[in-house]
Amino acid sequence: MNLRYLTLLALPIVAFAAGHESAAEGGTDFWWRLFNFLVFAAIIYKLVASKIVDFFKGREQGIADELSAIQDKLKEAKAQKAEALAKVDEAQNSAADLLDTAKNEAKLMGDKISQSLEHDKIQLEKSYSDRVEIETKKMKEEVVSEVIEEMFSSSDMKISNDDLLNIIKKKVA
C-alpha cells in the first residue's frame, strides 16, 4: 500500500519532467496536467474523505438528536396542555358545584333566619300582650285604690263592709 502511494506521488514528477519536452515540440501538456490534477484529487480524497464523511455523519446524527429532543418536548407540551385542560374542566365543575352549594346554603340560612324572626315576632307579641295585661291589672288596682280612698275620705258616703266587698270584687273581676 505504501508503494502505491509512493508511485502516485512520483507520477506527477515524471509527468512534469516529460511535459516540458512535449510543449517544446509544439504539443500541449494538457493531458499531463489533467493527470496531475486527478492524482492530486485522489490523494486529497484519500486523506480527507473519511473525515468529511465522519463530519457529515456526525452532523446528521446531531440534527436527528435535536429533532428527537424537539419532538419529545412537543409531546411533553401536548401532554401538559391536555393535563391543564383537564384541570380547567375540573375547576369549572368544582366552581359550579360550589356555586350550587352556596345557593343552597344561602336558601337554608334565609329560611332559618325567617323562622327565627317569626319566632321572635311571636315572642314579642306574647311579651307585649303579657305586658298589657300586667299594666291593665295595675291600672285596675290603682283605680280601685283611688275609689276606695275617695270613699273613705269623703264623709258623705257611708258604705257598709258588705257593699264595699261586693264593689271591690266587681271591679277586680
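The values are calculated or read from the model by the stated rules, or taken from the named source; none is laboratory data. Here the structure is a predicted model, which means the values were calculated and not measured. Glycine gets a Cβ as well: all are built from the backbone with ideal geometry, and neighbour counts include every protein chain shown.
Does segment 118-139 include one or more residues that are touching a helix residue (DSSP H, G or I) at 6+ places or on another chain (Cβ under 8 Å), at pLDDT below 90 and in a helix (DSSP H, G or I)? No, segment 118-139 contains no residue that is touching a helix residue (DSSP H, G or I) at 6+ places or on another chain (Cβ under 8 Å), at pLDDT below 90 and in a helix (DSSP H, G or I). Quick one: would you say Ala49 is out of contact with any strand residue (DSSP E or B) (no Cβ under 8 Å at 6 or more places or on another chain) and at pLDDT 85 or above? Yes, satisfied.
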